[in-house]
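Here's the structure we're looking at; comments come further down.
Coordinate-derived values only; no laboratory data. Just so it is clear, the model here is predicted, and its values are computed rather than measured. Every residue, glycine among them, receives a Cβ derived from its backbone with ideal geometry; neighbour counts consider all protein chains shown.
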Amino acid sequence: MFTEFETALVDVGEVAIFIRRKGSGPPLLLLHGFPETHLMWHRVAPALADAFTVVCADLRGYGASGKPASAPDHGPYAKSAMALDMVRLMEALGFPRFAVAGHDRGARVAYRMALDHASRVARLAVLDIVPTGEAFQRADARLVLAFWPWSLLAQAEPLPERLLLADPEIVLDHALGGWGSDRASFPPEIRAAYVEALRDPATAHAICEEYRAAATLDVACDAQDRCAGRRFACPTLALWSAGGPLDTWYRDAGGPLAIWRAWAADATGRAIDGGHFFPEANPAETITELRAFFAARG
């Protein structure tokens, strides 16, 4: 699935980040979400590697990347810490400036990079999210019931860790099949890899810490940024699931694109078929959108 991609474990200071890399064009970092790993890009990355130097990374705490000890305030798993990992990673690979696309949790890391390290991010694509602070501010019963990780995994340990570890397969299957994507989009070997990653107690704890940090530190960071009027300096592409929660919940705000335009001076985007996991369920359309956006100048 990642034919001719190089693999490496890159020391970025506090943690080692696992990557797959291929290509010789402009650098493009791809970041995954929950409950996945970098493998979510297995249909997209090879197609983009003919035009870009594609780097697929496991976020800290996920997959084969390191899982550093956390802290009472969950700081090691705040998006600011995870964003710094990726800036240091790309610097170590020889890319002081690069483009980035993130899905789900990875998109939250990506937009934090665009705020905290604006000179490093040339172009930003955020897939099927609105900013964390916006999501919490607008949350109602629909979010609590549809996207249970937001509330469940943010609970104090050890409850969510034990629930994740009790049956990783049902956790994965509920997510992959319950958020609008077709389970047939996930090959057995990919599904097995996702399940195996969730079986690791260190991974389960790191994921929960990341959700705890999101509900506290990340929300606070977003609020500070909005109060200060900070916006992304780079062109921004927002893609979201057609008919999914983002497509329907935020119509009173003008939809996801209107929300992102409050954060980005230059934001474009649209809905894509395939459910929440559209990079795997609808790779052709995802590839077309990302290729066009990242190949554009300016």
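If we keep just the residues of the range 44-63 that are small (Gly, Ala, Ser) and surrounded by fewer than 19 Cβ atoms within 10 Å (Cβ to Cβ), which is farthest from the chain's Cα centre (by Cα)?
Once the filter is applied, the top-ranked residue is Ala51.
Condition check for Glu196 on (1) farther than 30 Å from Pro68 by Cα; (2) free of Cβ contacts under 8 Å to residues at least 40 places away in the same chain: one failure, at (1). When Glu36 is tested against the conditions (1) touching a helix residue (DSSP H, G or I) at 6+ places or on another chain (Cβ under 7 Å); (2) buried (at least 24 other Cβ atoms within 10 Å of the Cβ); (3) closer than 21 Å to Ala114 by Cα, the lone failure is (3). Only a single criterion out of (1) of a type outside the set (S, T, N, Q); (2) closer than 13 Å to Val15 by Cβ; (3) surrounded by fewer than 21 Cβ atoms within 10 Å (Cβ to Cβ) is not satisfied by Pro96, namely (2).
Counting only helices (runs of 4 or more DSSP H) that sit completely within the range 124-174, those holding 2 or more residues that are within 20 Å of the chain's Cα centre (by Cα) and surrounded by 13 or more Cβ atoms within 10 Å (Cβ to Cβ) correspond to 132-137, 141-146, 149-152.
Per the listing Ala214, Ala202, the residue uniquely surrounded by fewer than 22 Cβ atoms within 10 Å (Cβ to Cβ) and either more than 22 Å from Leu145 (Cα to Cα) or within 17 Å of the chain's Cα centre (by Cα) (or both) is Ala202.
Within the range 227-238, being touching a helix residue (DSSP H, G or I) at 6+ places or on another chain (Cβ under 7 Å) and outside any loop (DSSP other than H, G, I, E, B) holds for Phe232, Thr236, Leu237, Ala238. When the range 175-197 is filtered for residues that are over 17 Å from the mean Cα position of the chain (by Cα), more than 14 Å from Phe278 (Cα to Cα), in a helix (DSSP H, G or I) and of a type outside the set (Lys, Arg), the ones remaining, listed by number, are Pro188, Glu189, Ile190, Ala192, Ala193, Val195, Glu196. Scanning the range 239-256 turns up no residue that is surrounded by 19 or more Cβ atoms within 10 Å (Cβ to Cβ), in contact with a Ser or Thr (Cβ under 7 Å, 6 or more places away or on another chain) and either in contact (Cβ under 8 Å) with a residue 60 or more places away in the chain or in a helix (DSSP H, G or I) (or both). Contact annotation: no residue pair with Cβ atoms under 7 Å, 6 or more positions apart or on different chains, pairs a residue in the range 142-159 that is closer than 19 Å to Ser70 by Cα with a partner that is of a type in the set (S, T, N, Q) and surrounded by 15 or more Cβ atoms within 10 Å (Cβ to Cβ). Residues in the range 106-120 that are closer than 21 Å to Glu280 by Cβ and in contact with a Pro (Cβ under 9 Å, 6 or more places away or on another chain): Arg108 only. Evaluation of Ser181 against the conditions (1) among the small types (Gly, Ala, Ser); (2) exposed (fewer than 14 other Cβ atoms within 10 Å of the Cβ); (3) touching a His at 6+ places or on another chain (Cβ under 7 Å) shows that the sole unmet condition is (2).
For the range 48-80, a residue qualifies if it is small (Gly, Ala, Ser), within 18 Å of Phe98 (Cα to Cα) and touching a residue at least 60 places away in the same chain (Cβ under 8 Å), and the qualifying residues are Ala51, Ser80.
Among the residues of the range 261-295, the one identified as in a helix (DSSP H, G or I) and over 27 Å from Ala49 (Cβ atoms) is Arg261.
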